1. Which value, in debye to the nearest 20, gives the size of the charge dipole of the chain about its Cα centre, when Lys and Arg are +1 and Asp and Glu are -1 at the Cβ?
2. For VAL74, enumerate residues with amide H under 5 Å from its amide H, sequence gap 5+ or separate chain, H modeled in the peptide plane.
3. Once you have the Cα-Cα distance between LEU28 and GLU76, take 0.36 nm times their residue separation minus that, and quote the gain in nm to one decimal.
4. Looking only at Cα atoms, what is the convex hull volume of the chain per residue, in Å³?
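Read-outs: derived from the displayed coordinates by stated rules, not from any lab. Here the structure is a predicted model, which means the values were calculated and not measured. Backbone-built Cβ (ideal geometry, glycine too); neighbour counts: all protein chains shown.
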Amino acid sequence: MVNKPDQGELQLQTPGQILREAREKKQLDLLAVSKLLHLNPNIVSSIENDQYEKISAPTYTRGYLRNYAKIVDVDEESLIQLFNSNL
């Protein structure tokens, strides 16, 4: 089941906050997610803290966000739209 946040919820939260909350609901720790994504835990932490400047390019960030969303059952398209609207 994919959790699709409603528009009101999306406007109040950042992509990182949404992913962190979904990860915690699934009782996954940051290290487990970083292993599933094949990413350094520091990159996953940067995503959750919306520190995208620490990740090379927006194209990579979008890919990381999509893959992370799949792991924690968050709607990818809504998350990417939110990310794009904050650029």
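1. Numbers: 10 positive and 12 negative charges, 61 e Å.
With Lys and Arg at +1 and Asp and Glu at -1, about 300 debye.
2. The answer is ASN3.
3. Values: separation 48, 0.36 × 48 = 17.28 nm, distance 1.86 nm.
Taking LEU28 through GLU76 to full extension adds about 15.4 nm, to one decimal.
4. On the way: hull volume 7.2 nm³, N = 87.
Hull volume normalised by residue count: 82 Å³.
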